[in-house]
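Contents: one structure, followed by commentary.
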Amino acid sequence: MNTTGNAVRVADIGDIEEGEALQVPAERTGHGDAIAVFHEGGAYYALDDTCSHGQASLADGWIEDGQVECPLHSARFCLKSGEPQCMPATLAARTHKVEARDGGIWLHPGQEPTA
Ligand code: FES
């Protein structure tokens with residue numbers, strides 16, 4: 001497996017198009033949930049993939065203006081903080097550190113993003 005410490009290389013740079021997301025399965029991350037990695041505005045973000053409101057994959061949502069909209073009931077989450085931006089979600093999506101380096105996208109499951 002392609003790992004460094006706690007980091008997992010989930011894709012090559014260029015694999016996740018701008019405005020798109022990749023669902024990384026829980027088996028691959030060793031985390032309790034799948035994690036969605038988003039590419040928006042030239043930056044990468046990672047959130048728990050399962051919506052905090054119900055059983056929907058945020059990787060299947062719509063990405064716009066630094067937010068992802070859940071495909072099931074349209075709650076929106078800030079990609080940076082995971083905070084819900086509107087109802088019906090009231091709980092934040094957990095954030096994870098993700099970085100682009102050495103030609104790859106590296107996910108740090110369970111580690112908070114650095115500011
Ligand atoms: Fe995401 Fe309801 S499942 S808003």
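When restricted to residues that are within 19 Å of Ala7 (Cβ to Cβ) and surrounded by 16 or more Cβ atoms within 10 Å (Cβ to Cβ), the stretch 34-58 contains 12. Output the residue which, of all residues in the stretch 70-80 that are crowded, with 17+ Cβ neighbours inside 10 Å and under 16 Å from Gln23 (Cβ atoms), is farthest from the ligand (Cβ to nearest atom). Filtering first and then ranking leaves Leu79.
Residues in the stretch 59-69 that are surrounded by fewer than 16 Cβ atoms within 10 Å (Cβ to Cβ) and either among the hydrophobic types (A, V, I, L, M, F, W, C) or within 8 Å of the ligand (Cβ to nearest atom) (or both): Trp62 alone. Considering only the stretch 87-115, state which residues are basic (Lys, Arg) and part of a loop (DSSP other than H, G, I, E, B). Matches in the stretch 87-115: Arg94 only. If only residues of the stretch 36-58 that are within 16 Å of the ligand (Cβ to nearest atom) and in a strand (DSSP E or B) are counted, the one that is nearest to Phe77 (Cα to Cα) is Leu47.
Residues of the stretch 6-32 that are without any contact (Cβ under 8 Å) to a residue 40 or more places away in the chain and either more than 13 Å from the chain's Cα centre (by Cα) or within 16 Å of the ligand (Cβ to nearest atom) (or both): Gly14, Glu17, Glu18, Gln23, Glu27, Arg28, Gly32.
Rule-based calculations on the coordinates, nothing more; no lab input. Because the structure is predicted, anything quoted here is derived from the model rather than measured. So basically every Cβ, Gly included, is an ideal-geometry build from the backbone, and we count neighbours across all protein chains shown.
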